[in-house]
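Take a look at the structure set out below.
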Amino acid sequence: MPIVTTNELLIKAREGNYAVAAFNTNNLEYTQAIVQAASELHAPVIVAATEYELHYMGGYAFVAMVKAIARDVKIPIAIHLDHGPSYEEVIRCLRYGMTSVMYDGSLLPLEQNIANTRKIVEAAHACGVTVEGEIGVIGQAADAHEGEGAAIDADLVGLADPDECVQFVQETKVDSFAAAIGNAHGLYKRKPELHFELLDEIYGRTNTPLVLHGGTGIPTEDVQKAITKGVAKINFSTVMRKGVIEALRASLDANPNELNYMKLLAPATQRMVDIAKEHIIMCMSEGKA
Ligand SMILES: [Zn+2]
């Protein structure tokens, strides 16, 4: 079934007042679980990978895998680069055949972020690929492997400035963008406080679909409120990783003598299906394919 650009999905999501869930994948089982969950709920979905995840899977293998799995279902799927770190990496991803790329220049001075993003938008749009930008720094909350010591409070993360967002969108022509509104990646130490007035102002002034990163652990009511205010794509990564690792550990512990690899993986894959479904429902995209 159709492999589409992210923005084809996001435009419909804005019209229908829901968001499209984007899940990062690490391998075959992850991808099967994401696509199965979305297909069973008849929801559009975005399968994403960071540079690090692409390095693990191989860029061509990632794209070929998603396309092959998509053949068996009837939902629209976008193949997305998450947090592209450079012009070069984005160009490689265009060559791999992705339909959607993110360029994250949020750590750069605004003018440099704009210049780089604009160059990427020109190249991607020439290939019919849509682009997500980032403005304001979406930091890292505590991650499972880093422990509390490495945690940064979401409050300390730099919030996006609405004037800069307007300038960013006008000068880069990005299709969507991630704006820091109190969200963070990883596991939140405490309930994240999303700045809804800021979200209202940013969407009101840019009229461009917004992407919420760090979806793991944001309460459902806040996710859904953010959707009504312009968020059209929500990224989930940590929640899947945590779930699959816990399920895999339990499966290995429960079956110490099992030599059938597929049987050992099956409960972990099923856990990912369940988690993906839960978050698709949270995004209100069930039945929207
Ligand atoms: Zn992110």
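Within the stretch 196-219, the set of residues being on the phi < 0 side of the Ramachandran plot, away from the ligand (no atom under 16 Å from the Cβ) and at pLDDT 95 or above comprises 196, 197, 198, 199, 200, 201, 202, 203, 204, 205, 206, 208. Looking across the stretch 1-52 at every residue that is part of a strand (DSSP E or B) and in contact with an Asp or Glu (Cβ under 8 Å, 6 or more places away or on another chain), the one that is most open to solvent (accessible area, probe 1.4 Å) is identified as 50.
Every condition in (1) open to solvent by less than 10 Å² (accessible area, probe 1.4 Å); (2) more than 15 Å from the ligand (Cβ to nearest atom) is met by residue 133 except one, and the failing one is (2). Taken together, the residues in the stretch 82-103 that are among the aliphatic types (A, V, I, L, M) and touching a Gly at 6+ places or on another chain (Cβ under 9 Å) amount to 4. Residues that are part of a helix (DSSP H, G or I) and free of Cβ contacts under 8 Å to residues at least 12 places away in the same chain within the stretch 246-265 comprise 249, 253, 254, 261, 262, 263, listed in sequence order.
The condition (being modelled with pLDDT of 95 or more, away from the ligand (no atom under 15 Å from the Cβ) and farther than 14 Å from residue 169 by Cβ) is satisfied by just one residue among 144, 124: 124. Within the stretch 228-243, residues that are free of Cβ contacts under 8 Å to residues at least 60 places away in the same chain and at negative phi have Cβ atoms under 6 Å from residues that are outside any helix (DSSP H, G or I) and buried (at least 20 other Cβ atoms within 10 Å of the Cβ) in these pairs: 239/216, counting only partners at least 6 apart in sequence or on another chain. Does residue 40 qualify as being modelled with pLDDT of 95 or more and under 18 Å from residue 247 (Cα atoms)? Spelling it out, it is not the case that residue 40 is modelled with pLDDT of 95 or more and under 18 Å from residue 247 (Cα atoms).
The values are calculated or read from the model by the stated rules, or taken from the named source; none is laboratory data. Only a predicted model underlies this, so the values are computations on that prediction, with no experimental measurement involved. FYI the Cβ positions are ideal-geometry reconstructions off the backbone, even for glycines, and counts take in every protein chain you see. Just so you know, the surface numbers come from the protein's heavy atoms only, side chains and all, with ligands and any DNA or RNA stripped out. Shrake-Rupley method; radii C 1.70, N 1.55, O 1.52, S 1.80 Å.
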